[in-house]
Amino acid sequence: MKRIAKTFAVATLALGAFSIPALADTDAGVTVFVDLWDAGANMETFSDHRIVDGVPRYQDSMGVMVSAATIPAGEVTFKAVNSSTDIVHEMVVAALPDMAAGLPYEEDIARVNEDVDGANLGEVAELEPGEAGSLTIRLQPGTYVLYCNIAGHYASGMWTLLTVE
C-alpha cells in the first residue's frame with residue numbers, strides 16, 4: 001500500500017457549468033448536495049498518467065462539487081447525483097485527520113483502500129448515469145474528503161474536501 005503524502009488543493013470549477021442547490025439546514029441536520037461529474041466519453045483514457053507531488057494524476061476530467069465546503073457537526077445527509085451521461089460514479093465519505101498523510105491510495109489497482117480505518121465512513125455506491133442516492137451519517141468536527149473510488153476516478157480529480165465545525 002502506498003500512502004499519498006500531499007496537501008490537498010481544491011480545484012476551482014466553472015460554476016456556471018453546474019447547478020447544485022444551496023446547503024439546506026433542517027431540524028434533522030444538514031443536507032449537502034453533491035454533484036458527481038465528468039467530461040464524458042471523449043475524455044482521455046486513464047492508461048497514461050504522471051505523478052504530481054506524490055499523487056497519480058491524469059487530468060481533472062472528473063470531479064465532485066458540493067453545495068457547501070464547511071458545515072456544522074452533527075447529522076449530515078448527502079444527496080448525490082451522477083450528472084454523467086455515460087460513466088458510473090460513487091461517493092465515499094472518509095475522515096482525513098492528517099492532510100499530509102492523505103488517503104491510503106493503492107496505485108497498482110488505482111483505488112483507495114477502503115478497509116483502512118476512516119477511509120470509508122459511508123457511501124452512495126455505484127450510481128448509473130443520471131441516478132441519485134443519499135447517505136445520512138453523523139460527523140464530528142474535522143476534515144473529510146468525498147471521493148469516487150471507481151478505479152482511476154480518484155486520481156482523475158474526483159474528490160473534494162469538506163470541513164465540519
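Every read-out reported here was derived from the displayed coordinates using simple, explicitly stated rules and does not represent laboratory data. None of these values were measured; they are calculated from a predicted model. Every residue, glycine among them, receives a Cβ derived from its backbone with ideal geometry; neighbour counts consider all protein chains shown.
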- Message: Under 5 Å between amide hydrogens, which residues at least 5 positions from Leu121 or on another chain qualify, with H placed 1.01 Å from N in the peptide plane?
- Response: Val93, Ala94, Ala95
- Message: Taking θ = phi - 60°, what integer Hz values does the Karplus form 6.51 cos²θ - 1.76 cosθ + 1.60 yield along the range 65-74, in sequence order, with x for Gly and Pro?
- Response: 10, 10, 6, 8, 8, 10, 9, x, 5, x
- Query: Across the range 78-87, in residue order, what do the Karplus-derived ³J(HN,Hα) couplings come to in whole Hz, using 6.51 cos²θ - 1.76 cosθ + 1.60 with θ = phi - 60° and x for Gly and Pro?
  - Reply: 9, 10, 9, 10, 8, 7, 5, 9, 8, 10
- Taking every other residue with Cβ under 13 Å from the Cβ of Thr85 and scoring Lys and Arg +1, Asp and Glu -1, one gets -4
